[in-house]
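Colleague: Just passing along the structure, written as structure tokens.
The values are calculated or read from the model by the stated rules, or taken from the named source; none is laboratory data. Everything numeric here is computed off the predicted structure, so don't read it as measured data. Please note: Cβ atoms are built from the backbone with ideal geometry, for glycine as well, and neighbour counts cover all protein chains shown.
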Amino acid sequence: MNNDNKDTTQKENYLNRLIKKISENKKYTNLVMVISIGIMILLAITVFFDEGDEVINNANKDNDDIQEEVRNNMNNYSNELEIKLENILSQMKGVGEVDVMITLVETVESIPAINKTNNKEITTENDAQGGNRNVTREESTEQVVVSGSENSMMTIKEIKPEIKGVIVSAQGASDIRIKETIYGAVKTVLGLSGNKVSIHVKK
């Protein structure tokens, strides 16, 4: 037990002498200060990049959500046109049952509503010579506006895609007159040229 106490006392004495030596030696003191400052800078850089990564991840997530919304809008648009065209053609005399497929050149372009915030801060700094200067700092942030419980993107404008082509399969298309009627109706209702419309007989 006495040996343990003696070893502990010797260690404490050694540490005290070492600390005293470092504090008395200006070279060591400066070295400790430099190391401490370096550690603080590294910690600050780590925090800064962590925050930057979080901002980038959030931006990527917003972009993915927008792209998913655009794809859904495109599918909804083509499906809506197909259903409307099928309903119109099926009501025409002699056409019978109809299936319609519409292909699009590009996706629906949705222009999102953006909430833009501008902050401007002006501070006055005084120098040692008694002069002063104004320092202006401006920050601008943009955020996509969402609505509803599902946080759907709110759009201010939606540009519909161009129709690439239409295929119509109708029971009555075996009759050349009915086929011409369907052909003309599709071109008229969608505003397409004849080379973008194809009519076939439904089995």
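Colleague: Of everything in the range 159-176, what is assigned to a helix (DSSP H, G or I), free of Cβ contacts under 8 Å to residues at least 60 places away in the same chain and not aliphatic (A, V, I, L, M)? Give them in sequence order.
Modeller: Ser174
Colleague: Now for a separate question. With respect to the numbered conditions (1) at pLDDT 75 or above; (2) farther than 15 Å from Val186 by Cα; (3) not aromatic (Phe, Trp, Tyr); (4) not in a strand (DSSP E or B), which one is the sole condition not fulfilled by Met92?
Modeller: (2)
Colleague: Go through (1) touching a Lys or Arg at 6+ places or on another chain (Cβ under 8 Å); (2) among the hydrophobic types (A, V, I, L, M, F, W, C); (3) modelled with pLDDT under 90 for Ala170 and report which single condition fails.
Modeller: Of (1) touching a Lys or Arg at 6+ places or on another chain (Cβ under 8 Å); (2) among the hydrophobic types (A, V, I, L, M, F, W, C); (3) modelled with pLDDT under 90, only one is false for Ala170: (3).
Colleague: Within the range 98-151, considering only strands (runs of 3 or more DSSP E) that don't extend past its boundaries, which have at least 3 residues that are surrounded by 10 or more Cβ atoms within 10 Å (Cβ to Cβ), modelled with pLDDT of 80 or more and not aromatic (Phe, Trp, Tyr)? I'd like the intermediate steps shown before the answer.
Modeller: On the way: elements: 98-104, 109-112, 114-126, 132-144.
By residue number, 98-104.
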